[in-house]
Amino acid sequence: MTQSIPMTREGYQRLQEELKKLIREDRPKVVQDIAEARGHGDLSENAEYDAAKERQAFIEGRIQEINDKLSRAQVINPAELDTDKVVFGARVTLFDVDSGNEVTYQIVGEDEADLKFGKISVTSPVGKALIGHKLDDEVTVKIPSGLKTYEIIDIKYE
């Protein structure tokens, strides 16, 4: 039995776009690069050919990986959720008890996580710790540098 992969609609669309690019642009280009490298003669000492074949293997592997993820995707629209707890897709504002700073994260799937944009994976230490908690709860998270305590000050589903 294969396990479903939770992701937001945005994450699903981003994977679809990457797949289209790989199939429509990258795959034909690497085939052309291989053909061109073959034209240069002896394949045993042809670095261009070896590099193009490696790139082709990467592209084909990534296409398979994305197809698998899309087939197992469970697309979740946070705006349709009706709960007072932190669940997948929530945008959570936290008060860092130690530093006094506020930070906002959206809890997303592993492929969507990007800390620069405030998106953390549901499988990250902070993501795991927040799941199931409510507004005003204090959550202690074990991170590589020690323990961090947050207070949940806002939960939104957009």
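The values are calculated or read from the model by the stated rules, or taken from the named source; none is laboratory data. Please read these numbers as outputs of a predicted model, since none were measured by experiment. In this analysis, Cβ positions are derived from the backbone assuming ideal geometry, glycine residues included, and neighbour counts consider all displayed protein chains. For the accessible areas, the whole protein counts, side chains as well, though only heavy atoms, and no ligand, DNA or RNA atoms are used. Shrake-Rupley method; radii C 1.70, N 1.55, O 1.52, S 1.80 Å.
Less than 15 Å from a label point 7 Å out along the Cα-to-Cβ axis of K156: which backbone N atoms in the stretch 1-38 qualify, by residue? Counting backbone N atoms under 15 Å from the label point, the list is empty.
Using a Förster distance of 41 angstrom, determine the FRET efficiency expected from the C-beta separation of E110 and N46, and round it to 0.05. The pair E110/N46 has a calculated efficiency of 0.65.
Computed in the context of the full set of protein chains, the accessible area of the stretch 16-79 at 1.4 Å probe radius has 48% of its extent on carbon or sulfur.
Translational diffusion of the chain was estimated from the Stokes-Einstein equation, with Rh taken as the Kirkwood radius over Cα pairs; at 10 °C and 1.306 mPa s the coefficient is 86 µm²/s. Backbone geometry of the stretch 112-126 corresponds, through the Karplus equation with coefficients 6.51, -1.76 and 1.60 at θ = phi - 60°, to 3J(HN,Hα) couplings of 9, 4, 7, 4, 4, 9, x, 10, 10, 6, 4, 9, 6, x, 5 Hz, x marking Gly and Pro. Of the whole protein surface, D98 contributes about 100 Å² of accessible area at a 1.4 Å probe radius.
Say we join alpha carbon atoms closer than 10 Å with springs in a Gaussian network model of the chain; which of D96, D114, D50 then has the biggest fluctuation? Checking each option, the largest mean-square fluctuation is seen for D50.
To the nearest 10 degrees, how steep is helix 47-72 against the longest Cα principal axis of the chain, on a 0 to 90 scale? Taking the Cα atoms of the chain, the angle to 47-72 is about 40 degrees. Protein heavy-atom accessible surface, 1.4 Å probe, per residue over the chain: 63 Å².
Under a 5 Å amide H cut-off, with hydrogens placed 1.01 Å from N, A90 pairs with I107 among residues at least 5 apart or on other chains.
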